[in-house]
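Everything below concerns the one structure shown next.
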């Protein structure tokens, strides 16, 4: 495992090449598809361009971090917003080309955006920015395209910088489409037709992906590495050993305990960033007794052993979302701490008020694919709730099955995690606290809250918006449909010679900013 392939070693010097190890590789080169994994996003993010991208800011520790509120052009050199705020006109760079050398045109952009809203998963995301129909994407000329929405929607532009609107070489894709598959989805799973900073050079499913720099890329600063070898090494110890021996440059998704120990190695560095928008939590189905009782939910929130769970499951690698101040929030940031700390006496009192002075019995579920964190969390919860009279039976759900159970609202009490692509608090609430979807993990249904979710989406008065968001956060604290635990850290190990690491909202590597110091 420690030796580089001969062809790789001969082809590039170490200064020009980068070797990445991860637990799994991409299962598709198309972000819009059922069952697409996180690693597919890493591949498409570096192989394709979008019209715009999020800007960059530097954290106090020097880590680069995406700036959600500073959108900049990628394929679009500029854009204008109409006076009524209902349309955005994008002007494309005239020198941008795809990997095959053909120019990027408005026709390619329209076909790519039409494709997003014509595939269910893409349409679901784009609808958060009021984009649902191909007719909303209009070609003005060869290098100009306009997007029109029924109402002004501040999520239209950020959606253009997210993972789905990759700009595809439409001529190549259409040549591989069929009557049954007009969007070439089958072909694009295993082939790329992009123009991003890297090209796919070789791919062996489940083993490796080799990328080479696209020297004709005009949409940003050329990547610092000419070639990237991304290899799949399922065993965490093997990945760690390769990094320690200097054979690997970057190891992704370090387990918390490895992040702690490797950070002490003077030859290496570990970048740990609490994942923006990501959160792990305790879910309670508000439509199933006794979790339909707000005092029961509050009681459990006061009974949980937060600090013990944080230390046992994450080795404190992350940002706590427990504790904090109860009541009206000071900021509109969300997720934020809900104001609950461990208080067994208060938990017992609330259970008595709820009509359960002797507690009750329930099951607590977690998926085996999350056992590293789910196991210690569930055992500590079982012990802690036993102190207030709640008898918990732990249910270990086979990998890949919890999502279906949550979709069908069949799980009363559980551990889970998720993430929001866009950073606004009302967007977070719309996804995770609203509606009949699986993502409304608490099956929360408060009419006042639901009305505020719909209202804030199109609110243009900043003061009114902030007041409405603070009211939603207050309700989330009081009614606690789910119990936020923490934002886990994304821990990445690397050689000290690797610079330019940038944290992105989708938690995958931005390869174009990496370089050898």
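Annotations for the structure displayed:
- Within region 374-396, residues that are in the same structural domain as residue 364 (by TED's automatic domain parsing) and on the phi > 0 side of the Ramachandran plot have Cβ atoms under 8 Å from residues that are at pLDDT 95 or above and assigned to a helix (DSSP H, G or I) in these pairs: 389/348; 389/351, counting only partners at least 6 apart in sequence or on another chain.
- Number of residues in region 61-106 that are outside any strand (DSSP E or B), closer than 22 Å to residue 169 by Cα and free of Cβ contacts under 8 Å to residues at least 40 places away in the same chain: the value is 2.
- When residues of region 18-36 are limited to those that are out of contact with any helix residue (DSSP H, G or I) (no Cβ under 7 Å at 6 or more places or on another chain) and in a strand (DSSP E or B), the one nearest to residue 125 (Cα to Cα): 20
- Selection over region 301-317 of residues that are closer than 17 Å to residue 413 by Cβ and part of a loop (DSSP other than H, G, I, E, B) gives a count of 2.
- For region 451-469, a residue qualifies if it is surrounded by 17 or more Cβ atoms within 10 Å (Cβ to Cβ) and in a helix (DSSP H, G or I), and the qualifying residues are 452, 453, 456, 465, 468, 469.
- Residue list for region 245-266, filter: buried (at least 16 other Cβ atoms within 10 Å of the Cβ), in a helix (DSSP H, G or I) and either free of Cβ contacts under 8 Å to residues at least 60 places away in the same chain or on the phi > 0 side of the Ramachandran plot (or both): 260
- Scanning region 403-416 for residues that are outside any loop (DSSP other than H, G, I, E, B) and surrounded by 20 or more Cβ atoms within 10 Å (Cβ to Cβ) gives 406, 413, 414, 415, 416.
- All told, residue 388 falls short of being at pLDDT 95 or above, farther than 21 Å from residue 431 by Cβ, touching a helix residue (DSSP H, G or I) at 6+ places or on another chain (Cβ under 8 Å) and not in a loop (DSSP other than H, G, I, E, B).
- Residue 297 in contact with a helix residue (DSSP H, G or I) (Cβ under 9 Å, 6 or more places away or on another chain), in the same structural domain as residue 445 (by TED's automatic domain parsing) and surrounded by 15 or more Cβ atoms within 10 Å (Cβ to Cβ): yes
- Scanning region 417-433 for residues that are in a loop (DSSP other than H, G, I, E, B) and either within 15 Å of residue 403 (Cα to Cα) or touching a helix residue (DSSP H, G or I) at 6+ places or on another chain (Cβ under 7 Å) (or both) turns up 420, 422, 433.
- Subset tally (residues that are surrounded by fewer than 20 Cβ atoms within 10 Å (Cβ to Cβ) and within 21 Å of the chain's Cα centre (by Cα)) for region 437-450: 3
- Filtered residue count, region 177-221, keeping only those that are assigned to a loop (DSSP other than H, G, I, E, B) and exposed (fewer than 14 other Cβ atoms within 10 Å of the Cβ): 10
- Residue within region 352-361 that is without any contact (Cβ under 8 Å) to a residue 60 or more places away in the chain, farther than 30 Å from residue 258 by Cβ and assigned to a helix (DSSP H, G or I) present: yes
- Matching entry among 323, 327 (being touching a residue at least 40 places away in the same chain (Cβ under 8 Å), assigned by TED's automatic domain parsing to the domain that holds residue 473 and within 26 Å of residue 430 (Cα to Cα)): 327
- From the list 72, 107, the one residue that fits, being surrounded by fewer than 17 Cβ atoms within 10 Å (Cβ to Cβ), modelled with pLDDT of 95 or more, within 15 Å of residue 50 (Cα to Cα) and over 22 Å from the mean Cα position of the chain (by Cα), is 107.
The values are calculated or read from the model by the stated rules, or taken from the named source; none is laboratory data. It should be emphasised that the depicted structure is a prediction, and the values quoted were computed from it without experimental measurement. Note: ideal-geometry Cβ built from the backbone for every residue, glycine included; neighbour counts use all protein chains shown.
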